[in-house]
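Here is the structure we will look at.
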Amino acid sequence: CDLLGATARAPRWAFAYKFPARRERTTVTDVVVQVGRTGRLTPVALLEPVEVGGVTVSRASLHNPEEIAAMNVNVGDEVKVERAGDVIPYVAEVVEKGSEGHYEFPDHCPVCDSAVEFDGPMAYCTGGLACVAQLRRAVEYYASDDGLDIEGLGGERVDQLVDAGLVGESLADLYRIEKDDLIDLEGWGETSAGNLLAELEASKHPRLGEFLSAIGIPKVGPATAADLARAFGDIDAIRTATREELETIDGIGPRVADQIVEFFESEQNERVIDDLLDTVGPLETPSETETGDELAGLTVVFTGSLSGYTRSDAQELVESHGANATSSVSGNTDYLVAGESPGQTKLDAAEDEDVTVLDGREAFEAFLEERGVQHSD
């Protein structure tokens with residue numbers, strides 16, 4: 001077990017055995033192509049609704065262009081559908097043809113009309129963040145728990161900001177939004193606008209690892225991003241790292257190294273990152289700080305702007321003394337540190353879960369002093 005190790009999500013030494021999936025027959029009524037955060041195009045079959053394992057299914061993945069051709073599937077065909085892992089519906093096979101040939105995959109993005117390029121069986125839009133679909137998902141991921149944890153920027157609100165033109169070309173557009181811009185939008189008021197702007201302000205000096213995770217490098221989640229930050233210690237060193245240098249980091253193999261290099265070689269990505277760094281820098285880089293175990297076993301969540309600390313500073317401080325700093329409140333959370341303009345969702349969750357709230361800088365520092373943790377004045 002120790003030799004095989006584990007990823008951030010699962011042990012490499014474990015096997016999962018599952019019962020065979022249930023399959024049901026239905027008809028393909030249409031095919032649509034979705035554009036993901038990384039530009040990957042995913043074909044989806046629209047189906048006559050059918051119950052599969054107790055769930056009504058009306059959409060199912062067609063995987064990729066090669067699978068479409070291999071199955072010879074098209075609109076009008078009768079197909080068998082199953083749910084992978086009893087969760088994700090997909091078309092398993094064609095059982096009766098009701099069409100001629102297979103669905104012809106588009107050679108241009110259905111959203112921005114940019115050319116489509118292929119990487120093995122996978123198809124990608126070449127529009128980058130100029131493609132509205134990619135921009136929407138990139139902003140949503142940037143603000144997510146795996147990104148900079150900007151509360152109040154879920155999918156619906158991101159779509160609203162993009163549709164209104166407040167976020168148009170770059171992630172850095174988020175930091176150019178003004179209060180009056182938000183208040184003019186449906187569903188926004190003084191309080192909600194102020195809370196979002198406070199969250200954005202609190203995210204302006206992220207740790208290097210958080211930033212790397214937030215910008216959406218393919219195959220680089222929070223754990224790999226933290227490993228990169230510790231190994232290189234500087235954003236410029238990571239941006240210019242070779243495949244060979246990247247592969248010296250435990251857990252980064254040839255495929256991940258290639259993705260990282262290709263991401264930073266993209267001119268579009270380079271412009272976005274430069275624009276962001278002009279706005280959110282300087283990044284908090286890993287440092288040799290005093291460490292201890294005074295807070296071992298505790299889980300701490302931060303919300304709002306904490307006077308005298310960037311959020312990354314506060315998280316690093318408690319983590320360096322043994323605590324676990326997470327992005328969302330749960331039954332395992334011990335303390336919620338609430339700064340100025342805290343997120344109402346986290347406050348409500350703290351009340352529901354009976355979590356102790358430390359209100360403001362003084363309460364936070366009193367908490368540290370009670371446990372013998374040194375902090376800067």
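The values are calculated or read from the model by the stated rules, or taken from the named source; none is laboratory data. Nothing here was measured: the structure is a model prediction, and the numbers come from that model. Cβ sites come from the backbone with ideal geometry, for glycine too, and all protein chains shown count toward neighbours. Accessible surface areas use protein heavy atoms only, side chains included; no ligands, DNA or RNA. Shrake-Rupley method; radii C 1.70, N 1.55, O 1.52, S 1.80 Å.
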Entirely in segment 222-315, the helices (runs of 4 or more DSSP H) that have 1 or more residues that are of a type in the set (Lys, Arg) and open to solvent by 60 Å² or more (accessible area, probe 1.4 Å) | 222-232, 243-246, 254-265, 267-280
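Among the residues of segment 187-199 satisfying the criterion of being farther than 10 Å from Glu151 by Cβ and in a helix (DSSP H, G or I), which is least open to solvent (accessible area, probe 1.4 Å)?
My answer is Ala193.
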In segment 322-338, which residues are more than 24 Å from the chain's Cα centre (by Cα) and either modelled with pLDDT under 90 or of a type in the set (Phe, Trp, Tyr) (or both)?
-> Gly322, Tyr335
In this structure, is Ala21 assigned to a loop (DSSP other than H, G, I, E, B), open to solvent by less than 80 Å² (accessible area, probe 1.4 Å) and at pLDDT below 90?
-> yes
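Within the bounds of segment 350-358, is there any residue that is assigned to a helix (DSSP H, G or I), crowded, with 17+ Cβ neighbours inside 10 Å and without any contact (Cβ under 8 Å) to a residue 60 or more places away in the chain?
Step one: of segment 350-358, the residues assigned to a helix (DSSP H, G or I) are 350-352.
Those left that are additionally crowded, with 17+ Cβ neighbours inside 10 Å: 350.
Still in the list and also without any contact (Cβ under 8 Å) to a residue 60 or more places away in the chain: 350.
Within segment 350-358, one or more residues are assigned to a helix (DSSP H, G or I), crowded, with 17+ Cβ neighbours inside 10 Å and without any contact (Cβ under 8 Å) to a residue 60 or more places away in the chain.
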Quick check, is Asp348 among the acidic types (Asp, Glu), over 14 Å from His375 (Cβ atoms) and under 24 Å from the mean Cα position of the chain (by Cα)?
-> yes
Note on Lys80: of the conditions (1) touching a helix residue (DSSP H, G or I) at 6+ places or on another chain (Cβ under 8 Å); (2) within 20 Å of Arg59 (Cβ to Cβ), unmet is (1)
Consider Val329 carefully, then state whether it is of a type in the set (A, V, I, L, M), assigned to a loop (DSSP other than H, G, I, E, B) and open to solvent by less than 30 Å² (accessible area, probe 1.4 Å).
-> yes
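Looking for whichever is assigned to a strand (DSSP E or B), hydrophobic (A, V, I, L, M, F, W, C) and farther than 30 Å from Ser213 by Cα here; the options are Val79, Val44, Val73. Which one fits? Steps first, please.
Numbers: Val44 fails: farther than 30 Å from Ser213 by Cα; Val73 fails: assigned to a strand (DSSP E or B).
Step by step, each of Val79, Val44, Val73 is checked, and only Val79 is assigned to a strand (DSSP E or B), hydrophobic (A, V, I, L, M, F, W, C) and farther than 30 Å from Ser213 by Cα.
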Kindly establish whether Gly165 is modelled with pLDDT of 90 or more, assigned to a loop (DSSP other than H, G, I, E, B) and on the phi > 0 side of the Ramachandran plot.
-> yes
Failed condition for Tyr309, given (1) within 22 Å of Leu148 (Cα to Cα); (2) in contact with a Leu (Cβ under 6 Å, 6 or more places away or on another chain); (3) aromatic (Phe, Trp, Tyr) = (2)
Verdict on Glu319 being in a loop (DSSP other than H, G, I, E, B) and either modelled with pLDDT of 85 or more or open to solvent by 60 Å² or more (accessible area, probe 1.4 Å) (or both) | no
So which pairs qualify, if the first residue must be in segment 10-27 and free of Cβ contacts under 8 Å to residues at least 40 places away in the same chain, the second must be exposed (fewer than 10 other Cβ atoms within 10 Å of the Cβ) and not aliphatic (A, V, I, L, M), the Cβ gap must be under 8 Å, and the two must be at least 6 apart or on different chains?
-> Pro11/Cys1; Trp13/Cys1
How do the strands (runs of 3 or more DSSP E) wholly within segment 84-142 filter down when requiring 3 or more residues that are open to solvent by 70 Å² or more (accessible area, probe 1.4 Å) and at pLDDT below 95: which remain?
-> 116-119
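Restricting to segment 200-209, and then to whatever is outside any loop (DSSP other than H, G, I, E, B) and open to solvent by 30 Å² or more (accessible area, probe 1.4 Å), can you tell me which residue is modelled with the lowest pLDDT?
Once the filter is applied, the top-ranked residue is Arg207.
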Taking segment 182-215 only, how many residues are more than 21 Å from the chain's Cα centre (by Cα) and free of Cβ contacts under 8 Å to residues at least 60 places away in the same chain?
-> 12
